[in-house]
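This report refers to the structure that appears directly beneath it.
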Amino acid sequence: MQRMIIMDSQAQLTVDIITKVAERKITIANAAKLLNKSRRTIERYLQKYHKVGIQFVVHRNTGKAPTNKTPDSLKRQVQALIKDKYFDVNLLHLAELLKANENIVVKRETLRFWAHDIHHVKRAKRRRVKARKRRERLESPGLLLQMDGSPHRWFGDQTSCLIAIIDDATSEIHAEFFKSETTAGCLKVLRNYIEKKGLFKVLYVDRAGIFGGPKRCNFSQVQRACNELGIEIIFANSPQGKGRIERSFDTFQDRLVPELRLNHIQDMASANRYLQDIFIPQFWQQKVVVIAKNQDSEYTPVAEHINLDDVCVQKEYRKIRNDHTFSYGNKFYLIESPLKHSIAKQKIEIRKTSKHDFTAYFAGRHLTVSEVIEPTKLSMEDMEIKKKLDVLALADQLGNVSEASRISGVSRDTIYRHRRLIKQGDKAALKKQITSNHRHKNRTDEALEKLLINFSLQNPHLGQVQVSALLKVNHGVEISANGVRSVWLRENMNTCALRLHRSQSLPK
């Protein structure tokens, strides 16, 4: 059985030259030069040519599957995992997860070919950016730290914010999840990092108001805390300026989000535990953190006289009145601590401990305060109810409804009716009866209001002055333009669009 041999141009050249060598038309030395092979290789070709002819040029493994070929079953298994389980993971992370979770070891390039076969490759965002000069890392740890927040759907369906602070020299990081990028969150992250590493020299941030940007340059809590700790703040003019923290957020979004999903983490407390106990120690510290050029740390321990509880907290100031009271959160408070001298006209320091609680300090001394409860005035409805209850109490005291009616000027029928209402629903029944029957004496007559509303809906394009004039001409009713507008406002039909919408919804 004859076998067809398919050769490319290089194989044809090799056969022609070896054939001429066999026919003694050229020497072995010249053949080696023409084919760019060694003399030993030409002699081996010549031996095979004498045995099998021109088939020597075909490798014996041609058409056979390689012995180290990955099984197709493994390829299909990995592709199924990519589609169903690891759909949001990059290739390097995928190789690590397959080895750790599935006990499958596959090279990154092989994974890339398999992922391309199913058109399922996670690619980095490509944006056209300006060319920027590379800034080298600072030489020593503790010289410069970058801080920022990244709102993202890190876990679950709700958007949360990851606030992080990173050392420019070593990339050591501390991060924590919060509901949003708030002053309290930034102060907490700053304090936790200082407790762990010590005080640093410079904090590099963007121009957000939290850090004391243009919107909040005079009353930023973070800037105030840094000033008290002796930390200088530098503001970046672009996100690329603080690229260390920005790229760390890319890494977190690329790697942390899939890991939180694979571990079925849906709440913030679990996400923070996973971030602090697993992700940062096992991945970030081992694969991202680098050794600084200068091993001498610039971190300094916190001085004994500095209490971080007094610094990393939100502070506000209020002026004390002559009676030693101050206002905060729309409430009045009285200073109860014994004082030797008056501190009126001075400023008291308010330290916010939670959303509704605070502590007060003056000259570093904690003050005891209490809320001042001021009496409130009764509303017209409450005064009406009180008057009716007084009449009922008078009737009960005298034991004679007629005498109570004569003294109070309230009819007996009214007293009996109020007694029945009290028995049915206590004071709430009286209030309901008052509010349902009460109509202000200056309010437009109810029949006139209905006429005005119907006329306005029939002619929604007319303005308040035109409606007032036409009602007087056509219906003999006098109502001012302001009276028309007050009715429109009460009925939520003060614009032409609202009147048109309401007129179209009326049954025809």
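Observations
- Scanning the stretch 398-412 for residues being over 13 Å from Lys388 (Cα atoms) and of a type in the set (D, E, K, R) gives a total of 2.
- In the stretch 345-374, the residues that are farther than 13 Å from Tyr328 by Cβ form Cβ pairs under 6 Å with partners that are open to solvent by 50 Å² or more (accessible area, probe 1.4 Å) and in a loop (DSSP other than H, G, I, E, B), at six or more places apart or across chains, as follows: Thr368/Glu336.
- Qualifying residue in the stretch 1-15 (condition: surrounded by 13 or more Cβ atoms within 10 Å (Cβ to Cβ), in contact with a Phe, Trp or Tyr (Cβ under 6 Å, 6 or more places away or on another chain) and touching a residue at least 12 places away in the same chain (Cβ under 8 Å)): no
- Restricting Leu334, Leu394 to those that are modelled with pLDDT of 85 or more, surrounded by 13 or more Cβ atoms within 10 Å (Cβ to Cβ) and assigned to a helix (DSSP H, G or I) reduces the list to Leu394.
- Options Lys122, Lys130; residue that is modelled with pLDDT under 90, farther than 23 Å from Glu259 by Cα and either in contact with a strand residue (DSSP E or B) (Cβ under 6 Å, 6 or more places away or on another chain) or not hydroxyl-bearing (Ser, Thr, Tyr) (or both): Lys130
- Those helices (runs of 4 or more DSSP H) lying entirely in the stretch 439-508 with at least 1 residues among the acidic types (Asp, Glu): 446-458
- Candidate set from the stretch 283-301 (those that are of a type in the set (Phe, Trp, Tyr) and part of a helix (DSSP H, G or I)); member that is surrounded by the fewest Cβ atoms within 10 Å (Cβ to Cβ): Phe283
- Restricted to the stretch 209-282, the set of helices (runs of 4 or more DSSP H) holding at least 3 residues that are closer than 24 Å to Asp167 by Cβ, among the small types (Gly, Ala, Ser) and touching a His at 6+ places or on another chain (Cβ under 9 Å) is empty.
- Residue in the stretch 361-376 that is open to solvent by 90 Å² or more (accessible area, probe 1.4 Å), acidic (Asp, Glu) and modelled with pLDDT of 90 or more present: no
- Some residue of the stretch 302-311 being among the charged types (D, E, K, R), open to solvent by 40 Å² or more (accessible area, probe 1.4 Å), closer than 30 Å to Gly198 by Cβ and in a loop (DSSP other than H, G, I, E, B): yes
The values are calculated or read from the model by the stated rules, or taken from the named source; none is laboratory data. Note that the structure is predicted; figures quoted are calculated from it, not measured. Here the Cβ is made from the backbone with ideal geometry for all residues, glycine too, and neighbour counts use every protein chain on show. Quick note on the areas: whole protein, heavy atoms, side chains included, nothing else; ligands and nucleic acids left out. Shrake-Rupley method; radii C 1.70, N 1.55, O 1.52, S 1.80 Å.
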